[in-house]
1. If you go through the stretch 154-194 one residue at a time, how many are among the aliphatic types (A, V, I, L, M) and surrounded by fewer than 18 Cβ atoms within 10 Å (Cβ to Cβ)?
2. Restricting the stretch 139-153 to residues that are more than 30 Å from S236 (Cβ to Cβ) and either touching a helix residue (DSSP H, G or I) at 6+ places or on another chain (Cβ under 8 Å) or of a type outside the set (G, A, S) (or both), which is surrounded by the fewest Cβ atoms within 10 Å (Cβ to Cβ)?
3. Is it true that L197 is within 29 Å of V69 (Cα to Cα), buried (at least 22 other Cβ atoms within 10 Å of the Cβ) and without any contact (Cβ under 8 Å) to a residue 40 or more places away in the chain?
4. Would you confirm whether or not the stretch 113-134 contains a residue that is modelled with pLDDT under 95 and in a loop (DSSP other than H, G, I, E, B)?
5. Are there any pairs, at least 6 apart or on different chains, whose C-beta atoms fall under 8 Å, with the first in the stretch 69-87 and at positive phi and the second of a type outside the set (F, W, Y), and if so, which?
6. Inspect all residues belonging to the stretch 248-257 and state whether any of them is part of a helix (DSSP H, G or I), more than 12 Å from the chain's Cα centre (by Cα), surrounded by fewer than 24 Cβ atoms within 10 Å (Cβ to Cβ) and modelled with pLDDT of 95 or more.
7. Can you list residue pairs whose Cβ atoms sit under 6 Å apart, with the first residue in the stretch 48-59 being hydroxyl-bearing (S, T, Y) and the second being surrounded by 14 or more Cβ atoms within 10 Å (Cβ to Cβ) and modelled with pLDDT of 95 or more? Count only pairs 6 or more apart in sequence or on different chains.
Amino acid sequence: MSSVSRVLVGAAAVVAVAVTGCATKGVPYQTPSSSAAPAPATAAPAPTESMTPVPAASGQLTGTQLQSVLLPQSFFPAGFTLSSSSAVSSGDTLTSAPPQYALATTSCATFINNFGNTGFGETAMAAQSAAAQSEQAFDQIVYQFSSPAAASAFVAGVKSLAARCNSFTATDNGVRGQFSLRAASGPAVGGHPSLELTQTGALNGSSLTLDTLLSASGADVFAGAAVGLGVAPPTSLATETIVYNLMKRQAAAAVLGG
């Protein structure tokens, strides 16, 4: 259950984004097996990458093309593994459907169960997670909208929604929990403003924390998150670094796609 990752209790696993498109929504990502589950990461926080300005995102890429924007396995710290079963994509065509989940009216529970999936009025999107045996994960998401105004409105809508989601219950796959959202302005990323979204709560007695950074650039919204279930979120990779590198990869993909 999550706003970026679907995090479920079971077999000492963090379950990362659990859909591969609308047709298989809710299929869990199985944390890669190992002979022993390592302890949660205790390394000092990774330094934020030195950032130069990144031009506003341009072009309209399909979800399939946005998958090439997502960060590869080599980008993530040791112990965190990407899985194809955690991938989400809107597919190989652009969409123009109205939002299925309008941020001004959708419930807090509906938002956290669907953020990281399709349904927010985007023209395309892609997402994937890297999970560890330590019940921690990193998430990456790209939402593409029809215009820069729509992208900025999405981030503003998330901020407004968080303001009314101080305490709520949500249920997914039979697991019920109590949660809270809060949002605050974050650091500039590549010259673009950001929003820090924090989700806290408990599932089956285990604490859950998701620290997410969202930044609108052009018609795109880039998001990176660190997730911890029963442990603190990992700090070996800064969410600003995830978002910044997504921005740079989108710029390169837009040139090739154009």
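The values are calculated or read from the model by the stated rules, or taken from the named source; none is laboratory data. Computed from a predicted model, the values in this text were never measured in an experiment. Heads up, the Cβs are rebuilt from the backbone with ideal geometry, glycines too, and the neighbour counts pull from every protein chain shown.
1. Here the count works out to 5.
2. Filtering the stretch 139-153 for residues that are more than 30 Å from S236 (Cβ to Cβ) and either touching a helix residue (DSSP H, G or I) at 6+ places or on another chain (Cβ under 8 Å) or of a type outside the set (G, A, S) (or both), the one surrounded by the fewest Cβ atoms within 10 Å (Cβ to Cβ) comes out as P148.
3. No, not satisfied.
4. Yes.
5. G79/P38; G79/A41; G79/A132; G79/Q133; G79/S134
6. Checked the stretch 248-257: at least one residue is part of a helix (DSSP H, G or I), more than 12 Å from the chain's Cα centre (by Cα), surrounded by fewer than 24 Cβ atoms within 10 Å (Cβ to Cβ) and modelled with pLDDT of 95 or more.
7. Listed by first residue and then by second, the contacts come to T48/A238; T48/E240; S58/G218.
Here is a yes/no grid of residues against (1) of a type outside the set (A, V, I, L, M, F, W, C); (2) in a helix (DSSP H, G or I); (3) within 15 Å of the chain's Cα centre (by Cα):
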{"position": "V155", "(1), (2), (3)": "no, yes, yes"}
{"position": "A162", "(1), (2), (3)": "no, yes, no"}
{"position": "T171", "(1), (2), (3)": "yes, no, no"}
{"position": "L195", "(1), (2), (3)": "no, no, yes"}
{"position": "A202", "(1), (2), (3)": "no, no, no"}
{"position": "T212", "(1), (2), (3)": "yes, no, yes"}
{"position": "S215", "(1), (2), (3)": "yes, no, yes"}
{"position": "A223", "(1), (2), (3)": "no, no, yes"}
{"position": "A226", "(1), (2), (3)": "no, no, yes"}
